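Working notes for the structure below.
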Amino acid sequence: MAGVSGCIKYSMFIFNFLFWLCGSIILGVSIWLRVSKEALKQIGEMDIPEFYTAVNVLIAVGAIIMVLGFLGCCGAIRESQCMLLLFFIGLLLILIIQIAAGVLGVVYKSQIESTLKEKFKGIDQLDDQSAEFKKDIEALQQQYKCCGLLQGYQDWATIPASCDCTDQDKSQCTMAGGKPVWAKSCVVLMTDAFKANLLIIVGIAFGLAVIELFGLIFSMILYCQIGKK
């Protein structure tokens, strides 16, 4: 009977240790992406759950990958077919889910701006909104260095101080009411922020998929060798 290749065995162990580390990184980055967007919820019903779907999926994927990495390490060292089979099945499911998350990220990337505009459709003048809503908008303007939601400074009948442009070279400024204000609307800048975060999600999902393919191959080779032993 053929023995188990020490090279495959310890390569599998090292791979799964690195895999466990990748799971930790994915979990950490995904949580950061999720939490960093909480500031966008300052605007009443601003929360857009569909854009959090891919991030939430990656949070689950990161946690499960950590478990699978541990399972793969134990399966390799103990030469357990059961553990290796569970690892293979779990990793295959994770790979499918990640591809789905990456596709979601690509699909949502093209829908971000239209969805944001739909959320704020019907808001003609910010001055006519409640004091709390205007306070939240001004906080958003200071954070993102923008003015207005859809039409820029034209959304305001009286331009607030939070729109004042403080960029030294004035490249991001435009003149309104006799003073420099931020040229871009907040929806434009929020769209850019969402797209940048989605690119990170897609990159993580598809980049890790390549590594996971090697994991599937190593685990199946080791599983077969243990069976022959």
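The values are calculated or read from the model by the stated rules, or taken from the named source; none is laboratory data. Just so it is clear, the model here is predicted, and its values are computed rather than measured. Every residue, glycine among them, receives a Cβ derived from its backbone with ideal geometry; neighbour counts consider all protein chains shown. When the accessible area is computed, the model is the full protein with side chains, heavy atoms only, and any ligands, DNA or RNA have been set aside. Shrake-Rupley method; radii C 1.70, N 1.55, O 1.52, S 1.80 Å.
Some observations on this one:
- 65, 31, 25, ranked by accessible area, largest first (probe 1.4 Å): 25, 31, 65
- A Cβ-based charge dipole, computed about the Cα centre of segment 77-195 with Lys and Arg at +1 and Asp and Glu at -1, lands at about 320 debye.
- Magnitude of the charge dipole, the chain, Cβ model with Lys/Arg +1 and Asp/Glu -1, debye to 20: 1040 debye
- Cα gyration tensor category, rounded, prolate or oblate, for segment 122-202 with a/c compared to 1.5: oblate
- Mean separation of Cα contacts under 8 Å, 6 or more apart, over the residue count of the chain: relative contact order %: 28 percent
- Partnerless cysteines in the chain, where a partner means another cysteine C-beta under 4.7 angstrom, comprise 7, 22, 73, 74, 82, 224.
- When the Gaussian network model of the chain links Cα atoms closer than 10 Å, the mean-square fluctuations of 162, 24, 171 top out at 171.
- Accessible area per residue for the chain is 51 Å², calculated with a 1.4 Å probe on protein heavy atoms, without ligands, DNA or RNA.
- Per principal axis, descending, Cα span of segment 65-140 in whole Å: 69, 24, 12
- Taking the inverse of the mean 1/r over every pair of distinct Cα atoms in the chain gives a Kirkwood hydrodynamic radius of 20.4 Å.
- Accessible area of the chain belonging to carbon and sulfur atoms, whole % at 1.4 Å probe: 65 percent
- For the options 210, 188, 57, a Gaussian network treatment of the chain with springs between C-alpha atoms closer than 10 Å singles out 210 as fluctuating the most.
- Kyte-Doolittle mean at least -0.5, axial Cα span of 30 Å or more - DSSP H helices of the chain: 6-36, 49-78, 81-109, 186-228
- Helical content alone sets the calculated 222 nm signal of the chain at -24000 deg cm²/dmol, taking -39,500 (n - 2.57) per DSSP H segment of four or more residues and averaging over every residue.
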